[in-house]
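Taking it in order: structure first as structure tokens, then the write-up.
The values are calculated or read from the model by the stated rules, or taken from the named source; none is laboratory data. Quick caveat: nothing in here was measured; it's all calculated off a predicted structure. Please note: Cβ atoms are built from the backbone with ideal geometry, for glycine as well, and neighbour counts cover all protein chains shown.
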Amino acid sequence: MVWQSNSLVLLVALPFVASFIAILLPANARNAEAWVAGLAALLGVVLTALAYPLVQDGGVVRHVVEWVPTLGLNAALRLDGFAWMFSMLITGIGLLVVIYARYYMSPKDPVARFYAFLLAFMGAMQGLVLSGNIILLAVFWELTSIFSFLLIGYWHQNQAARDGARMALTITGTGGLCLLAGMVLLGRIVGSYDLDVVLASGAAIRAHDLYLPMLLLILAGALTKSAQFPFHFWLPNAMSAPTPASAYLHSATMVKAGVFLLARFWPVLSGTDEWFFIVGLAGMSTLLLGSFFAIFQQDLKGLLAYSTISHLGLITTLLSFGSPLAAVAAIFHMLNHATFKASLFMAAGIIDHEAGTRDMRKLSGLFAFLPVTATLAMVASLAMAGVPLLNGFLSKEMFFAESIEQHRVSWLDHIAPYVATVAGAFAVTYSVRFIHKVFFGPKPVNLPREPHEPPHWMRVPIELLVLVCLVVGMVPAISVGGFLDTAVFAVLGQRTPEYSLSVWHGLNLPLLMSTVALVAGLAIYALLQPYLRNSEEGPPFIRRLQGRRIFERILVTLSWRGARFLERLLATRHLQPQLRVLIGAALLGGIWAMWGSAEKLPALSAAGMDPVLAVLWAVGAVCAVGAAYQAKFHRLAALILLGGAGLVNCVTFVWFSAPDLAITQLLVEIVTTVLILLGLRWLPKRDPEIHDSFHLRTLLRRSFDLALAVAAGLGTAAMAYLTMRTPVPSSVGDYYLERAYSEGGGTNVVNVILVDFRGFDTFGEIVVLGVVALTVFALLRRFRPAEDTSEIPVQQREQNIFDDLQRDRTVGETLNDYLLVPSIIMRWMFPAIVLLAAYLFLRGHDLPGGGFAAGITMSIGFLLQYLAGGTRWVEERLRIRPVVWIGLGLMVAALTGLGSFGLGYPFLTSYSQYTELPLLGKVPTASALLFDVGVFSLVVGATVLMLIAIAHQSIRSAKTKVPKAHADVGAG
């Protein structure tokens, strides 16, 4: 149905659109931004709720947009009961967080940025839970890491916020890369990246040889995201985020992504010893350590963070058992935890907002000042502790019941009931401490602010969430039973067991465990209360176990000592050693690949060799050797000889009927020669004592370079010879020759391949070219060659600076002083070059040319203008905005590819036709022509931007500033 498909796309796209709108609003327009965010979240809630009848009875709503179908990469969205439950949590709690944030955030904060990050994070989470393609899931997974990094580091002026954001991104981002690798392996095992196919291949996955490495990689992603041991320590250090962000990230979104992934793939990955021991050990360790650490926290949000870690460990432990009933309990606790944890974080935010501190050593007796907020917080805390008639009690009882069942004959399974009981006791301890220490006792003194109840609408989200805790706890089957059935069936399918959501199950062992946990928890708090009153965050050995120190030491070791070691080993200020490593590695790789293939090489024969071509290649070889030799004497001569070798390549391409390559090679030779010519003056000066005298080390180095170059050249020649002379039944070239005109609508096969058959590759290449151009500009705009002025008198130094300012012109300006007539000719050539570029562009689909060649040609026109008139002359007459050219090129190329979506075709599917134009006749006007426009625009922008970066350099000292007119050109 069209409505189903559009609703799924809208569920993912709407938060991103709202994020874009929010960032454009004024920074302090809290009402406008809150309305935009609130309406987007509300519409998401409505759309998700309306989709419930479609998934209620096990239905699945799908929407597939083909992206690269031959590789199995499709933008597939999929909504089943489990994804529906998470989508309701994401949008519903997101709406409540938006309302809460309206009153929490200060008008002095850049609120537009906060709402933009929050909405983008909401969209990333929606994409994650609705992904029907496992590679797309990994993409959205990484987006959640990026946007959570931005939310955690929102107050970037705070050092703790920056450190916490960096830690979160490092841990979860690394896990995300592991997840991507695991998804690739999973797709290889199954033979598809489609989630439905993966979920139907459980037996094949568990029996495959790649199961264990794939499992380890996927678990690395899930355990890092959900802060499971030993990756738990990033979550408490993320508490510097604004409280609305913490409430959202730690209840329904960020940290739930890991357990969502475990539950989503539970049917196909669980049931093995590897799953049980890895997931079970991580879950039980996290459950126990998280609850223990929470007891000793003095920061309210720190206590809630460690309790979140513990409850996530509870869910992970349940999923490790491999039992369907345990999976039901895990899904139920995901839902319950989201409600009471979001309300607790919001209550902590109100306390901080109204009292001015979150330090529990300073807080007491707040019930007299915040009676309504205190009541709500106490109910949510009791739900977190698992007190009867609250929702946390029900899923905790199911956890206790599953912990006493036998799932594996192992020590880990035997200790599960004891771990569950002890962790339950700790949960009671930190929950009671939260209630007693903050809301009871003597009235607080010396608080930064006089506490009082917040605005009514700031408290409404907590009231609604606490109401859910009460209703679900008292009448679970009526309130949440149907929704839970839908979510459970989506995960377990026909393995869904019979289970009961009754509040009372009689006198049984789980109830006894709950009673023991409750009594023990109260006793532990009574014993520890004097110690906790003024202590730090636990004994020293606890602080050492929290992982932050270990992370920082690893980070210092890798990023500082490791980087310094690699720098000493590999890095150098000279290009030659790096080229030696690069070429040597490529040579060894080629030898390894071709080892044992020497006997397959056809015998070399001079028969059929044209003597003219042999002479031509000899000239090219002489030019290449001469360029290498002249580099130590005269760099300009070396550059000219290098250009000669390039021209021989051009002629060779023409000789072997490759005019497209010849045109491209010729144009690129012109551009690179001019750019290198402009950069010659920045190379370090030659040292005559080294270059003009005999040194054994220099001789050995040059001999090694010569041997390496000869070996690499011979290896490349052998590989090319083997490739061209080895008979094959069918050629890739034949495939394109047969289909270039019938399917691509063009007779120039090379261009049709670039903009049609391999258009996705070309799109990636122009993105890389744009990034390289921006990087070159960013590096060179701040580059100033070092100048040794230690022995120059001050007066002479000032005179040198004055002389440098007088000479602050490009090479073109200098040439213009002496070459007036050639400079005028170069200016007159500009219209002719523009016409040539247009000619090459329009003929590219049928004859040699195309967007790349036309873009290089147009760039040459700008190069000539710079050489003829210099930067100031050009920029006074031509408004060049290379960054705009790059941006427009990428946008046009991307929109051309996306345009095919509207007609139901994969990305970059082209449509070909010819149009009759006056005077020009038939002109190819395929949709690929628009893509070529993007290529043309980006090539022009990238080349001119690099030209500007080089041309605007001066020979001034490092302390001389760039004139503003110069700095603004590239930024345009």
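State whether one or more residues within region 47-54 are buried (at least 22 other Cβ atoms within 10 Å of the Cβ) and of a type outside the set (Val, Ile, Thr).
yes
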Residue that is of a type in the set (A, V, I, L, M, F, W, C), more than 30 Å from the chain's Cα centre (by Cα) and over 22 Å from ARG433 (Cα atoms), where the choices are PHE321, PHE296, PHE265: PHE321
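Would you kindly identify the helices (runs of 4 or more DSSP H) lying entirely within region 1-119 that contain at least 1 residues that are over 30 Å from LEU262 (Cα atoms)? Walk me through how you get there before you give the answer.
On the way: elements: 2-24, 30-50, 52-55, 81-104.
It comes to 2-24, 30-50, 81-104.
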Residue in region 922-930 that is closer than 17 Å to ALA838 by Cα, of a type in the set (D, E, K, R) and touching a residue at least 24 places away in the same chain (Cβ under 8 Å) present: no
Long-range neighbours under 9 Å by Cβ, at least six apart or interchain, first residue basic (Lys, Arg) within region 108-119, second assigned to a loop (DSSP other than H, G, I, E, B): LYS108/ASN28; ARG113/ALA27; ARG113/TYR154
Scan of region 626-671 for residues that are among the polar types (S, T, N, Q) and touching a helix residue (DSSP H, G or I) at 6+ places or on another chain (Cβ under 8 Å), ordered by number: GLN630, ASN649, THR652, THR664, GLN665
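So which helices (runs of 4 or more DSSP H) are wholly in region 189-253 and hold at least 1 residues that are surrounded by fewer than 24 Cβ atoms within 10 Å (Cβ to Cβ)?
Details: elements: 195-199, 202-207, 211-225, 243-249.
Hits in region 189-253: 195-199, 202-207, 211-225.
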Single condition ALA928 does not satisfy, out of (1) modelled with pLDDT of 75 or more; (2) closer than 16 Å to GLY770 by Cβ; (3) surrounded by 22 or more Cβ atoms within 10 Å (Cβ to Cβ): (2)
Those residues of region 456-503 which are polar (S, T, N, Q) and buried (at least 19 other Cβ atoms within 10 Å of the Cβ), in sequence order: THR486
Looking only at region 53-68, and only at residues there that are among the aliphatic types (A, V, I, L, M) and modelled with pLDDT of 90 or more, the one that is nearest to PHE901 (Cα to Cα): VAL61
Any hit, region 349-368, residues being under 14 Å from VAL466 (Cβ atoms) and either assigned by TED's automatic domain parsing to the domain that holds PRO324 or touching a helix residue (DSSP H, G or I) at 6+ places or on another chain (Cβ under 8 Å) (or both): yes
Qualifying residues in region 57-88 (those that are among the polar types (S, T, N, Q) and buried (at least 19 other Cβ atoms within 10 Å of the Cβ)) - the one farthest from the chain's Cα centre (by Cα): SER87
Residues (surrounded by fewer than 23 Cβ atoms within 10 Å (Cβ to Cβ) and closer than 17 Å to LEU89 by Cβ) located in region 120-164: PHE140
Pairs with Cβ under 6 Å, 6+ apart, first in region 229-248 and touching a residue at least 60 places away in the same chain (Cβ under 8 Å), second part of a loop (DSSP other than H, G, I, E, B) and not basic (Lys, Arg): PHE233/GLN546; PHE233/GLY547; LEU235/ALA227; SER240/ASN158; PRO242/TYR154
Checking THR91 against (1) surrounded by 21 or more Cβ atoms within 10 Å (Cβ to Cβ); (2) more than 22 Å from ALA487 (Cβ to Cβ); (3) among the hydroxyl-bearing types (Ser, Thr, Tyr), the condition it does not meet: (2)
